[in-house]
Amino acid sequence: MPTTVDCLNEEQRAAALDTEGAVLVTAGAGSGKTRLLTHRIAHIIEDLGVPAYNVLAITFTNKAADEMKNRLWALVPNAEDIWVSTFHSMCARILRRHAAVIGYGANFTIYSQDESERLLKQIAKDLRYDESIAKNAAQAISNAKNDGVSAADFREEYINCEDGDMLAEMYEEYEKRLKNNNAMDFDDLLLKTHDLFDRSADILASYGRRFRYIHVDEFQDTNEIQYGLVRMLASQCGNVFVVGDEDQSIYGWRGANVTNMQNFIEDFGAKIYKLERNYRSTKNILTLANNLIANNTSRIEKKLWTAGGDGERPVFYKARTEASEADFVINTIRKLMREGYRPHDFAVLMRVNALTRTLEQRFMQYSLPYKVYGGFRFFDRKEVKDVIAYLRVLSNHNDEEALTRIINFPRRGIGEGTIAKIREYCAESGKSFFDAVTEGPVPTLPSSSAAKVADFGALLTELDEYKRVSDVAELSAKVIERSGIKDAYSEENEENTVRRLNIDDFVSSAHEFVKNRRGTLDEFLQEVTLYTEGDEETKDCVYLSTVHSAKGMEFRCVFIVGAEEGLFPLSRANDDPDDLEEERRLMYVAVTRAKEMLFVSYCDSRFMYGGVRPCKPSRFLGEMDSRLLQIYAKPRPAQLTGYSRGSAKAVGYGAGNTAVRQNNASASEFTEGMRVRHKKFGDGTVVGITDVGKNSYLVINFDSIGKITLSLAFAPIEKV
């Protein structure tokens with residue numbers, strides 16, 4: 001009789017059928033772990049008759065969770081009853097139901113890293129410390145929470161920490177203000193769920209009974225608290241299935257503990273399965289990956305293999321400088337695109353994102369679409385966060401951090417002195433900041449300031465009333481209209497044009513939420529706060545990224561640039577064997593993103609730290625294949641031979657190649673909102689213009705691939 005696991009290979013099927021007790025699967029890169037997870041869950045529900053309600057699946061990104069949901073919906077009826085989510089989303093869902101047990105309101109706000117640092121800056125200021133300590137305090141507090149160390153225990157646990165007393169005082173005050181604001185930070189979602197289960201055996205038991213079969217993806221990335229939550233939830237039924245790859249554990253700097261995989265085996269007496277068959281890369285690429293990672297000692301030994309062919313031989317390319325390295329990347333991409341590759345087939349990966357500058361210049365000069373990952377997420381952009389802050393206040397009146405962010409934005413003439421006086425009045429009267437502003441007037445303020453605060457309070461009252469009769473999208477539009485946020489960006493320039501478009505995009509995201517989720521304001525705010533960069537829609541662009549941001553992705557052709565000692569691995573790893581092993585795992589992740597072709601480049605010299613410095617090739621190159629150190633790519637002559645004020649002199653190379661020619665178009669011929677056409681990217685709308693004359697750049701929002709900045713001197717742009 002056919003079952004849901006018949007389509008799996010032998011390794012996958014054995015793990016999928018082992019449903020009782022604790023199981024660990026060490027799954028190599030590209031070995032089909034998502035397929036294994038989804039078909040195992042389908043087997044439990046469809047073949048074994050377990051209600052979908054009793055299954056939990058946890059992963060690390062919203063994008064991965066959505067992919068798993070979509071696959072399950074195609075395999076299992078009533079799949080919506082399965083809890084499929086990230087750790088943070090799962091914890092937020094549990095806390096919304098039981099917040100009162102730990103002294104919170106169900107409408108608590110979730111602070112992002114930016115909001116946490118803003119609050120810590122205010123705390124440092126109030127405690128008369130240098131505000132620059134806020135970033136260090138944020139990191140120290142996050143590390144402490146990931147280790148399960150409370151504010152009360154911080155001073156003792158970190159007794160030898162530099163500035164320990166100062167950080168302990170800030171941690172204590174930070175926790176007080178979070179509680180007063182009815183707010184939690186990202187780490188609190190995990191820590192306070194752990195506390196909730198500790199406090200209430202009944203609540204833990206109810207979830208333990210519900211989740212009879214627990215699945216955890218990317219287990220190598222779990223920290224102490226996350227593993228603790230898994231142990232708690234699995235303590236009743238004991239059926240826990242974890243999938244991970246210690247060779248891809250690259251988040252030690254943010255608390256991930258690669259030893260959790262070994263701890264799981266010991267704590268649960270887990271059975272172990274290996275997935276070594278790779279469905280992504282060619283034999284030649286896998287050979288390099290296997291050679292490299294074999295140099296690490298903290299791992300369960302496995303060796304990736306494929307039934308596919310050898311493929312193209314990987315290339316190690318030695319460049320003279322970062323400029324010639326960028327030329328090599330661009331010329332190779334252009335050549336492969338003439339052979340049928342698309343921009344989204346390429347990724348240019350690096351250890352640190354500071355290496356993107358020269359590459360970005362080349363992409364703009366050759367009108368190649370690209371996107372830099374590892375920069376600001378959409379919901380982290382200032383203009384978007386300002387709108388979100390208004391919504392946060394309307395959702396949670398106790399959110400003082402959001403209130404102080406918007407009280408003078410757009411500018412209303414309410415300065416720091418006025419805000420300080422309101423805080424003093426709140427401390428004396430026992431009122432919340434929101435009540436003081438909306439119930440006014442504040443008696444300690446001079447009449448002119450009191451009138452401005454009263455106007456702001458009236459705006460909040462109006463919006464708060466509108467919230468009761470509107471959905472999230474309508475409320476967002478009303479906030480933007482009544483607050484005058486767009487007016488703050490009314491001056492016509494490229495930056496403001498982009499900001500206004502981002503505000504419009506935010507309203508569009510609210511409409512999508514209403515259409516697809518029909519959820520509450522609290523649920524919308526939770527979704528955008530827990531949104532990660534990897535969740536953004538990928539356009540037809542070359543992917544420029546740090547290796548960290550590329551984890552979980554794959555591309556037909558991968559370039560790894562800056563493979564030099566001090567850059568990859570970073571110099572700090574020289575003194576710590578554990579850090580060096582994590583750097584090696586990073587290179588392994590980079591190599592295994594490639595499906596068909598791999599290029600690794602390094603320079604003789606590179607401009608760094610204010611000057612030109614000689615470089616040595618990364619030790620990882622020799623570990624992959626020392627023979628390839630002597631095999632350099634032989635690209636045709638570089639296209640870019642000189643520069644002048646942002647333009648480039650270009651020469652053709654090879655038969656049939658057309659040299660890049662300068663256009664005669666002027667920026668004065670284009671206006672924002674004009675429809676234009678590019679022979680490669682199709683039709684689009686001009687949304688920004690910078691500089692003047694032939695060296696100008698146009699920001700064009702193309703219908704097919706989104707916004708791209710193009711040099712007017714070289715891009716073939718026509719008016720429609």
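Computed values, structure above
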| read-out | value |
| --- | --- |
| Considering residues of the stretch 443-484 that are within 30 Å of E424 (Cβ to Cβ) and among the β-branched types (V, I, T) only, the residue modelled with the lowest pLDDT | T444 |
| Residue within the stretch 314-328 that is small (G, A, S), crowded, with 18+ Cβ neighbours inside 10 Å and within 20 Å of M587 (Cα to Cα) present | yes |
| Index of the failed condition, L127 passing every other in (1) of a type outside the set (V, I, T); (2) over 17 Å from D163 (Cβ atoms); (3) exposed (fewer than 15 other Cβ atoms within 10 Å of the Cβ); (4) in contact (Cβ under 8 Å) with a residue 24 or more places away in the chain | (2) |
| Conditions (1) under 26 Å from the mean Cα position of the chain (by Cα); (2) at pLDDT 90 or above; number of the one not met by I102 | (1) |
| L167 at pLDDT 95 or above and assigned to a helix (DSSP H, G or I) | no |
| Of all residues making up the stretch 181-202, the number that are of a type outside the set (G, A, S) and open to solvent by 20 Å² or more (accessible area, probe 1.4 Å) | 9 |
| G340, sole failed condition from (1) in a helix (DSSP H, G or I); (2) open to solvent by 30 Å² or more (accessible area, probe 1.4 Å) | (1) |
| Residue match in the stretch 362-379 (condition: buried (at least 17 other Cβ atoms within 10 Å of the Cβ) and under 19 Å from I480 (Cα atoms)) | yes |
| Qualifying helices (runs of 4 or more DSSP H) (wholly inside the stretch 1-93; at least 3 residues being more than 30 Å from S112 (Cα to Cα) and within 29 Å of the chain's Cα centre (by Cα)) | 33-42, 62-75 |
| Test: residue in the stretch 226-240 that is open to solvent by 10 Å² or more (accessible area, probe 1.4 Å), touching a residue at least 60 places away in the same chain (Cβ under 8 Å) and in contact with an Asp or Glu (Cβ under 8 Å, 6 or more places away or on another chain) | yes |
| Filtered residues of the stretch 395-439 (kept if assigned to a helix (DSSP H, G or I), among the acidic types (D, E) and touching a residue at least 12 places away in the same chain (Cβ under 8 Å)) | E400, E401, E424, D435, E439 |
| Filtered residues of the stretch 607-627 (kept if part of a strand (DSSP E or B) and either buried (at least 24 other Cβ atoms within 10 Å of the Cβ) or among the β-branched types (V, I, T) (or both)) | V612 |
| In the stretch 525-570, the residues that are hydrophobic (A, V, I, L, M, F, W, C), modelled with pLDDT of 90 or more and buried (at least 23 other Cβ atoms within 10 Å of the Cβ) | V542, L544, V547, V558, F559, I560, V561, A563, F568 |
| Subset of the stretch 1-32 that is closer than 12 Å to E276 by Cβ and of a type in the set (D, E, K, R) - its residue that is least open to solvent (accessible area, probe 1.4 Å) | E11 |
| Scope the stretch 541-578; condition farther than 30 Å from G682 by Cα, of a type in the set (F, W, Y) and part of a strand (DSSP E or B); matching residues | none |
| Filter pass, I285 being at pLDDT 90 or above, surrounded by fewer than 16 Cβ atoms within 10 Å (Cβ to Cβ) and of a type in the set (A, V, I, L, M, F, W, C) | no |
| Pairs, first surrounded by 20 or more Cβ atoms within 10 Å (Cβ to Cβ) in the stretch 255-272, second part of a strand (DSSP E or B) and of a type in the set (S, T, Y), C-beta under 8 Å, six or more apart | M261/T26 |
| Residue count, the stretch 97-114 (criterion: of a type outside the set (V, I, T), open to solvent by less than 30 Å² (accessible area, probe 1.4 Å) and outside any loop (DSSP other than H, G, I, E, B)) | 2 |
| In the stretch 150-181, the residues that are more than 18 Å from F108 (Cα to Cα), polar (S, T, N, Q) and within 29 Å of the chain's Cα centre (by Cα) | S150 |
| Selection count where residues are exposed (fewer than 13 other Cβ atoms within 10 Å of the Cβ), in a helix (DSSP H, G or I) and either of a type in the set (K, R) or in contact with a strand residue (DSSP E or B) (Cβ under 6 Å, 6 or more places away or on another chain) (or both), scope the stretch 475-524 | 1 |
| Filter result for I214 (modelled with pLDDT of 90 or more and of a type outside the set (D, E, K, R)) | yes |
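The values are calculated or read from the model by the stated rules, or taken from the named source; none is laboratory data. Computed from a prediction, not measured in an experiment: that's the story for all the values here. Positions of Cβ are generated from backbone atoms using ideal geometry, with glycine treated the same way; all protein chains shown enter the neighbour counts. Surface accessibility is based on the protein's heavy atoms, side chains included, excluding ligands, DNA and RNA. Shrake-Rupley method; radii C 1.70, N 1.55, O 1.52, S 1.80 Å.
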